[in-house]
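Take a look at the structure below.
The values are calculated or read from the model by the stated rules, or taken from the named source; none is laboratory data. If you're wondering where the values come from, they're calculated on a predicted model, not measured in any experiment. Positions of Cβ are backbone-derived with ideal geometry, glycine not excepted, and every protein chain shown enters the neighbour counts.
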Amino acid sequence: MNPNPPARERTSHQDASRLIDDLSDAYVEAYARLHPVAATFDGIAGHDHELTDYSPDAAAERADHDRATLRTLATVPLEDDADRVAAGVIRERLEVAVELHDRGEHLRSIAVLGSAVQEVREAFDMLATDTEQDWETVASRMARVPECVASLEAAFTEGRRRGLVASTRQVTGAIEQVEVWAGLDGASTPPYFNALADQLVAAGVGSASLHATVVREADRATAALASLARYLTLEYAIDADPRDAVGEERYAIGARVFNGTVLDLHETYAWGWEELRRIEHAVGQVAARILPNASVGEVVELLETDPARAIEGEDNLRAWLQDLMDRTIAEMDGVHFDLPEPVKTVEAMIAPPGGASAMYYTGPSEDFTRPGRTWYPTMGNTRFPLWGEVSICYHEGVPGHHLQVAQVRYLADTLTRFQRTLAWSSGHGEGWALYAERLMGELGYLDNPDYELGMLRAQAMRAVRVIVDIGMHLELPIPADESYHPGERWTPELALPFVIQRAMFAEQFMRSEVDRYLGIPGQAISYKVGERVWLESRADAQARHGANFDLKAWHSHALNLGSMGLDQFRAEMARY
């Protein structure tokens, strides 16, 4: 039983013959040049001063780059298993990218989460702001916001011409976000870019000339966002699609893009119901340990309102999350995982206002000068019940996304640059992070029943996602044996009360969630679908190796393969 992935020995002589490495390096360099925003998110240095051109012509150039790389890949000899794995990852990711382009999905990339609209602003969250040179980079990127916004409008206008438009719900949600960033929402918080400029002035870094430049570019960037809000409101919204459901054909493509596998959507929908019922049974058992003879709702009310079970203030929450991640890393290193030194640093951050409600993670740069970070949207709240935060922190931090992503960034000697930076697949990645939540319960980190119930609530919400995401987009009927509107077909109006009740999260959060599902068809199911494959692969290895099965070694092998689609992951783990 080999705990390590196929090794790639990288002596200077052998590097010259590693054609798959050369192809990977060339692809990443060109990709970063063609998509600077993605380069920043993926930790690829050299383009932080630029912004992406989202126009149709620029998108076509990126797709041509993908096609050319696929043609070259077909001619590259694969010398060993490491090459075979690397080629499979590149092929799967680029094939779905080309398909999405050919279907024109980039021309309607407007949603409340994960669309080009958010990228324009979130690209600045990743930038360093410590030195004068850092702020010069910020100013250079800020100066490109008007041009970037114009390219977005060009793409969306072409989409309207072709009849490829986002839904009214997604456009309305995106407008609300852009208005917050542009300071048009009537709130007391300053516009995003002006607040960024204020940060520089307050820090006193750099010259008066630099300060003036940043303030000037912040005003121009804010005006560009205001222009985008007007465009979306006065022009685009007229043509937006009133329907939320995308239908089975488009949904199936989205599910394949996000999961790297072809799913039987109807079987997956039925399995989602089975999972929800199983989890709800476990919820009842754990709730009885917290407050005997009380309903689950009464237990949740206690956990939400008990002052002793909550933290007051954003700064205190951030410090608590940071401490939890630091302690978890210290306790797990060398026991359950072997963590390289750079991977041991992860920063807890409070997300800027105006985005979606879900906590998220951003990975480190290739050289680890920018650490991995977890981002917590407070949504204006100042009081934070802790019962659900522990497992979410494990999901986003360690052993979830941070361990998974940062570990791969570190493996320059065994993985190609494409694998380390661009190979993210949601089914694999979110599946691991959800599996990590459950794993922490198995390892004894959720023995406090409050935190165990929080983990189960998170599991229930992910099962609800499978039901509602597939159900709404395919407009499937609710099972006849269900107490909630049996036999009726899913609509967003039916979904909201259901997700609030069965996922046990606050209405504000779940409203954001339903909008999210409708805007990114096929992504929300990737958590449970991916976890299913991780659990099945582990069970298969345990059955094959019996008493010789080593969980730590299995985790090491699985993570060291890097991210990939679920079909490829299942096949590779069957070789373990």
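Could you please find all residues in region 437-455 being closer than 30 Å to residue 92 by Cβ and surrounded by fewer than 24 Cβ atoms within 10 Å (Cβ to Cβ)? Matches in region 437-455: 438, 439. In region 198-246, the qualifying residues are those that are farther than 20 Å from residue 140 by Cα and basic (Lys, Arg), and the one that is surrounded by the fewest Cβ atoms within 10 Å (Cβ to Cβ) is 243.
Residues that are polar (S, T, N, Q), farther than 21 Å from residue 461 by Cβ and free of Cβ contacts under 8 Å to residues at least 40 places away in the same chain do not occur anywhere in region 224-235.
Could you check residue 369 against (1) modelled with pLDDT under 95; (2) over 24 Å from residue 24 (Cα atoms) and say which number it fails? Answer for residue 369: the failing condition is (2). Among the candidates 267, 275, 249, the residue that is at pLDDT 95 or above and surrounded by 13 or more Cβ atoms within 10 Å (Cβ to Cβ) is uniquely 275. Candidates 528, 552: the one that is more than 29 Å from residue 470 (Cα to Cα) and charged (D, E, K, R) is 552.
Would you call residue 48 acidic (Asp, Glu) and over 28 Å from residue 371 (Cβ atoms)? No: the conditions fail for residue 48. Scanning region 197-254 for residues that are more than 30 Å from residue 50 (Cβ to Cβ) and in contact with a Pro (Cβ under 8 Å, 6 or more places away or on another chain) yields 244, 246, 250, 251.
Look through region 322-358, keep the residues that are closer than 30 Å to residue 179 by Cα and hydrophobic (A, V, I, L, M, F, W, C), and return whichever of them is modelled with the lowest pLDDT. Among those that are closer than 30 Å to residue 179 by Cα and hydrophobic (A, V, I, L, M, F, W, C), it is 356. Within region 170-183, being within 9 Å of residue 111 (Cβ to Cβ) and of a type outside the set (A, V, I, L, M, F, W, C) holds for 170, 173. Within region 65-82, if we keep just the residues that are part of a helix (DSSP H, G or I) and at pLDDT below 95, the residue that is nearest to residue 125 (Cα to Cα) turns out to be 82. In summary, residue 211 fulfils each of the numbered conditions (1) in a helix (DSSP H, G or I); (2) over 30 Å from residue 60 (Cα atoms); (3) in contact (Cβ under 8 Å) with a residue 60 or more places away in the chain; (4) in contact with a helix residue (DSSP H, G or I) (Cβ under 6 Å, 6 or more places away or on another chain) with the single exception of condition (3). Filtering region 22-64 to residues that are hydrophobic (A, V, I, L, M, F, W, C), surrounded by fewer than 19 Cβ atoms within 10 Å (Cβ to Cβ) and assigned to a loop (DSSP other than H, G, I, E, B) leaves only 45. Can you spot a residue in region 311-329 that is assigned to a loop (DSSP other than H, G, I, E, B) and of a type in the set (D, E, K, R)? For region 311-329, residues assigned to a loop (DSSP other than H, G, I, E, B) and of a type in the set (D, E, K, R): absent.
Within region 472-508, the set of residues being in contact with a Pro (Cβ under 8 Å, 6 or more places away or on another chain) and among the acidic types (Asp, Glu) comprises 488 only.
Candidates in region 366-394 are the residues that are more than 24 Å from residue 40 (Cα to Cα) and not in a loop (DSSP other than H, G, I, E, B); of these, the one that is farthest from the chain's Cα centre (by Cα) is 383.
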